[in-house]
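What follows is a single structure, written as structure tokens, with notes after it.
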Amino acid sequence: MRTTQKTQVTVAQSIARALMRHGVELTFGQSLPSLVQLSNTDLGIRQIAYRTENAGTYMADGYARVSHRVAVVTAQNGPAATLLVPGLAEALKASVPIVAIVQDVPVAAVDKNAFQELDHIKLFDSCTKWVRRVTDPTRVDDYIDMAFTAAASGRPGPAVILLPADLQSAAASVDPVRNVSLGHYPLDRVTSDSSRIRQAAEMVSEAEHPLIVAGGGVHISGAHDVLADIQEQFGIPVATTAMGKGAVGEFHPLTLGVVGYFMGKRGATRYMRPIIDRADVILLVGTRTNQNATDSWSLFPPTARYIHLDPDPQEIGRNYESLRLVGDAKLTLEALKQHLSALDLGRRYQARAVLEQEIVSARTRHRDETLDVAKSDLLPLRPERLMTKIQDHLTAETVVVADASYSSIWIANYLRSLAPGMRFITPRGMAGLGWGFPMALGAKLANPESPVLAIVGDGGFAHVWSELETACRMDIAVTVVVLNNRILGYQQDAEDVKFGRHTDACGLNNVDHAQIARACGCEGQRISNIDEFSQALADALRSHSTTVLDVEIDPAAYPPITMFDGYLDSVRTARALDDGKRDES
């Protein structure tokens, strides 16, 4: 007979037991809330002690994306809590489940201007799905369960529990009847309305030129295999957003690649535009249809009919009037596949050979257009050349992480997914600098057997150098390629296009990041030529230590951002002429 007698423990011990129940194996946190961390340690939950709270939240983000488990980050009140905000905001926009446990001032000290007191509910309200303060020690399990449910259900996202400092040592209890585990996501898979799925199947089967656009929701749902089946079985071309990259294999004859705001000169999907322009039915899967993914909402044809599949009903129809499929991507695509199998897809089969040839031709034109930079050994190195070498070292198990700004765009265009489900992780929710390296550490902790490669700019890496010591101390081995061009590239080039000049903040000193890595106990090497890089990358991917490869990159190189086409080069030419006239005078 099951006992219903409750075991007496402290609140901190009750929290630790609840985390164990939800399958939590590690937390990202500094010392506070100390009693919680000590209780976690007693139960075998590992503490990954970050150096800064913002980086700790980015680690939790990377961990959650790769593990498909709810990540847990902890911090104390006041300034530490405020540093969680950027990471939680990214998690909210990118649909990443994180539970933050934040120590608050003692219950009796609330509203007395206690040390580092702040209205944390207001602080976190705009960047989380759910935030609550626990004040009743008998309801700890309730609040932990509510936080995990909020984080992992529906459209995943962050949740925050505020824990008064004095409550941690208060007497609580553990309910022996409660054994539900809520630490995975998607927590509740719901299939869209069957009549609408049937309608969607009919729209696709009747279309002359259907197109699927896969976003990050495909990875969240784990829908990549069924999406690849639909692509192959029914001959439907698939494009992805930056966050959806890897949803399908990019060597597949019906994969366009990543589309969005970087389809300009030398863009990997530049010559795929005719396929997009003539699309008459577009199935959007797990995408927010945001500004970057749609090139400021100008990419997709206004004449097309849209089907939008997403677990968040607010996203459907936000920017494109659509047939609404509210539900889990994996289950709904499986149902769509069944409906399509029952319909006449003869038109798709007949069109496949011509479509495949068109995609081959577009890829060939891109290859020819980029040949001068992708094969160049001129110094300083071109990023495109670097990417060709990195591609040679990738496997389907490699996790590629990129920082925001140019790093994300280089990998979107010049690295290719080797199989459906391959992970390319980028902080596209808020696109803040500094995410890349900490996210890579979290990704490695989630999947220790997979090689993890972070590609970052020198500007973004400067935000999180301190976590090199964390990588060394916590024995986390990732490879970091720093694209060192000594400028804030995106900022400088965008200012040049918009204003014809740029601010002084865009220039950076020539920093030796390899030396910083070695000073922190990691490995580091400064790279200046391509042969040196290829060997160093191979060694780094085999290393059991975090390795920083600091590569000198041509500061004149810029990725194929559409708004730069025809403008940035003109600005540079005009500036060179002006400089020449000043020199003559």
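The values are calculated or read from the model by the stated rules, or taken from the named source; none is laboratory data. Note that the coordinates shown come from a computational prediction; the quantities given were computed from them, not determined experimentally. For neighbour counting, all protein chains shown are included, and Cβ atoms are generated from backbone atoms with ideal geometry for every residue, glycine included. In case anyone asks, the SASA skips ligands and DNA or RNA and just uses the protein heavy atoms, side chains included. Shrake-Rupley method; radii C 1.70, N 1.55, O 1.52, S 1.80 Å.
What is the Cα radius of gyration of region 1-113 over 2.2 N^0.38 Å, N being its residue count? Region 1-113 yields a ratio of 1.14. Counting only DSSP beta bridges whose two residues both lie in the chain, roughly 10 percent are antiparallel.
Assuming charge only on the beta carbon of Lys and Arg (+1) and of Asp and Glu (-1), the dipole of the chain about its Cα centre is about 900 debye to the nearest 20. Run the paramagnetic zone check for Val354: 7 angstrom along Cα to Cβ, then residues of region 188-205 with backbone nitrogen under 19 Å. Backbone N within reach: 204-205. The spacing between region 232-252 and region 34-77, judged by their C-alpha centroids, is 33 Å. With a ≥ b ≥ c taken as the square roots of the eigenvalues of the C-alpha gyration tensor of region 69-226, please select rounded if a/c is under 1.5 and otherwise prolate if a/b is larger than b/c or oblate if it is not? Since a/c reaches 1.5 and a/b is larger than b/c, the shape of region 69-226 is classed as prolate.
Our note on the geometry: Cα centres of region 415-437 and region 259-287, 19 Å apart. For Ile425, the amide hydrogen comes within under 5 Å of the amide hydrogens of Val400, Val401, Ala402, counting only partners 5 or more places away or on other chains and with H modelled in the peptide plane. In the chain, Cα pairs under 8 Å separated by at least six residues give a relative contact order of 14 percent.
Got a sec? Charge dipole of the chain, +1 on Cβ for Lys and Arg, -1 for Asp and Glu; which of Asn319, Leu433, Ala18 is way out at the positive end? The residue sitting farthest along the positive end of the dipole is Ala18.
Hey, can you list the DSSP H helices of the chain whose Cα span along the axis is 30 Å or longer and whose average Kyte-Doolittle score is at least 0.5? Answer set is empty.
The overall shape of region 245-307 is rounded: from the C-alpha gyration tensor, with semi-axes ordered a ≥ b ≥ c, the ratio a/c is less than 1.5. Would you mind getting me the FRET efficiency between Thr395 and Asn113? Use the beta-carbon distance for r and R0 = 60 Å, nearest 0.05. Once the sixth-power term is evaluated, E becomes 0.60. Annotation note: GluC sites (Glu not before Pro) in region 170-262 located in DSSP loop regions with a Cβ neighbour count of at most 12 within 10 Å are Glu208. For region 452-585, the solvent-accessible area works out to 46 Å² per residue, with a probe of 1.4 Å and every protein chain left in place. Taking θ as phi - 60° and the Karplus parameters 6.51, -1.76 and 1.60, the scalar couplings of region 111-117 work out to 6, 10, 6, 5, 4, 6, 6 Hz in sequence order, x denoting glycine and proline. Within the same chain, aspartates and glutamates fewer than 8 places from Lys112 are excluded, and of the rest, those with a Cα less than 18 Å from its Cα are Asp104, Asp166.
Once the Cβ-Cβ distance of Ser376 and Arg189 is raised to the sixth power relative to R0 = 41 Å, the FRET efficiency obtained is 0.30. For Arg133, the residues whose amide H sits under 5 Å from its own are Leu162, ignoring neighbours fewer than 5 places away on the same chain, with H placed 1.01 Å from N.
This model, with +1 at the C-beta of Lys and Arg and -1 at the C-beta of Asp and Glu, gives region 290-387 a dipole about its Cα centre of some 260 debye. Comparing Cα centroids, region 144-216 and region 447-484 end up 30 angstrom apart. Take the alpha carbon gyration tensor of region 189-319, find the square roots of its eigenvalues, order them as a ≥ b ≥ c, and report rounded if a/c is under 1.5; if not, report prolate when a/b exceeds b/c, else oblate. Rounded is the answer for region 189-319, as its axis ratio a/c remains below 1.5.
Each label was represented as a point 7 Å from its Cα along the Cα-to-Cβ direction; for Arg473 and Arg318 these points are 3.8 nm apart. Our coupling estimate for region 286-299, obtained by passing each phi through the Karplus curve with A = 6.51, B = -1.76, C = 1.60 and θ = phi - 60°, is x, 10, 7, 6, 7, 4, 5, 5, 10, 6, 6, 6, 10, 6 Hz, Gly and Pro reported as x.
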